[in-house]
Amino acid sequence: MIEINNMVKRYGKFAAVDGVSFEIKDKECFALLGLNGAGKTTLINMLSTGILPTSGTATVDGFDVVEQRSDIRRFINISPQESAVAKNLTVRENLDLIASLYDVPDKHEKIMAVIEKFGLKEKEKTLCKKLSGGQLRRVSIALAMITSPKILFLDEPTLGLDVKSRKILWEIIAELKCELTVVLTTHYLEEVEFLADRIGIISRGRMRAIGTRDDILRETGASALEDAFIMLSEEE
């Protein structure tokens with residue numbers, strides 16, 4: 001579904017992403033791990049066509065991220081770390097706005113289906129500024145799903161949420177990954193172990209390891225994912 005070949009993003013002399021190559025399979029949940037500043041968000045922004053790479057290539061479902069950006073944007077969506085929810089609109093009004101902007105067919109039926117899927121029925125007429133943090137994150141992901149994307153990018157989807165709200169979102173994301181490809185960035189290793197089919201660990205712009213949890217433990221000799229992550233993140 002996604003193929004990355006020697007991708008680089010430089011800001012002056014600084015390489016935020018430095019020669020990264022890997023693949024993400026169709027309908028898998030791929031978790032991208034790294035410390036702050038490791039290059040996670042920069043890589044996600046390039047794959048979702050928000051910024052251009054300095055060099056290297058990447059394709060998303062066969063479309064080039066530089067030459068065919070408009071084609072890619074038709075079948076991807078992103079739920080950013082900072083919620084894009086309009087706080088002065090209700091849940092339903094937010095969904096209706098995005099569905100109208102994207103010219104979603106059968107808009108009413110699609111909105112109802114998304115409201116049910118994300119457990120927002122009781123809040124559909126509530127102004128989003130009155131929602132809890134967990135409810136806002138659910139609305140943010142629901143807005144990304146209203147366009148029926150093939151690939152969903154989730155940037156720190158449960159950052160700052162309490163344990164109960166985080167678990168609710170995990171269960172929703174676990175259901176979503178049966179329908180589409182999910183690319184997830186997170187700092188929560190328990191989230192990765194619950195959701196991810198495969199994991200990539202990036203440090204200082206370079207991919208240090210990629211594979212299943214068990215692959216990475218075997219490669220590093222670590223007994224826990226946390227230990228492997230710390231070990232790989234501290235490498236030069």
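Each value in this text was obtained by applying a stated rule to the coordinates, not by laboratory testing. Please read all numbers here as calculations on a predicted model, not as lab measurements. Glycine also receives a Cβ, built like all others from the backbone with ideal geometry; neighbour counts cover every protein chain displayed.
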Could you point to the residue in Phe118, Ile72, Ala84 farthest towards the positive end of the chain's charge dipole, with +1 and -1 charges on the Cβ of Lys/Arg and Asp/Glu respectively?
-> Ala84
Given the candidates Ile199, Ile172, Gly134, the one whose Cα lies deepest towards the positive end of the charge dipole of the chain, counting +1 at each Lys or Arg C-beta and -1 at each Asp or Glu C-beta, is Gly134
Note down the nm distance, to one decimal, between modelled labels 7 Å out along Cα→Cβ at Asp197 and at Glu179.
-> 1.7
Percent of beta bridges antiparallel (DSSP, the chain, rounded to nearest 5) | 55
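How high is the relative contact order of the chain? Use alpha-carbon pairs under 8 Å, at least six apart in sequence, and give a whole percent. Could you put the intermediate results ahead of the total?
Details: 436 pairs, mean separation 61.9, N = 236.
With pairs under 8 Å counted, the relative contact order is 26 percent.
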From the square roots a ≥ b ≥ c of the eigenvalues of the alpha-carbon gyration tensor of segment 19-85, which class results: rounded (a/c under 1.5), prolate (a/b over b/c), or oblate?
-> rounded
Relative contact order (percent) for segment 161-236, with alpha-carbon contacts under 8 angstrom and 6 or more residues of separation?
-> 20
Can you give the extra length, in nm with one decimal, that the chain gains between Arg69 and Tyr11 once fully stretched, where that is 0.36 nm per residue apart less the Cα-Cα distance?
-> 18.8 nm
May I ask you to derive the FRET efficiency for His187 and Lys164 from their Cβ-Cβ distance with R0 = 22 Å, giving the value to the nearest 0.05?
-> 0.75
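Starting from segment 6-71, pick out the trypsin sites (Lys or Arg not before Pro) whose DSSP state is loop and whose Cβ has at most 16 other Cβ atoms within 10 Å. Each step should come with its number before you reach the end.
Details: sites: Lys9, Arg10, Lys13, Lys25, Lys27, Lys40, Arg69; in loops: Lys13, Lys25, Lys27.
The qualifying sites are Lys13, Lys25, Lys27.
Given +1 on the Cβ of Lys and Arg, -1 on the Cβ of Asp and Glu, and no further charges, what dipole in debye does the chain carry about its Cα centre, rounded to the nearest 20?
On the way: 32 positive and 36 negative charges, 174 e Å.
For this selection, approximately 840 debye.
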Largest-first principal axis extents of the Cα set of the chain (Å) = 51, 41, 31
Measure off 7 Å from each Cα along the Cα-to-Cβ vector at Lys27 and Arg218, then give the distance between these two points in nanometres to one decimal.
-> 2.5
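In deg cm²/dmol, rounded to 500, what helix-only [θ] at 222 nm does the chain give when every DSSP H run of at least 4 residues adds -39500 (n - 2.57) and the total is split over its residues? Display every interim value, and only then the final one.
Working: 9 runs with 86 residues, N = 236.
It lands at -10500 deg cm²/dmol.
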Note on the chain: helices (DSSP H) long enough, at least 30 Å by alpha carbon along their axis, and hydrophobic enough, mean Kyte-Doolittle at least -1.0, are none
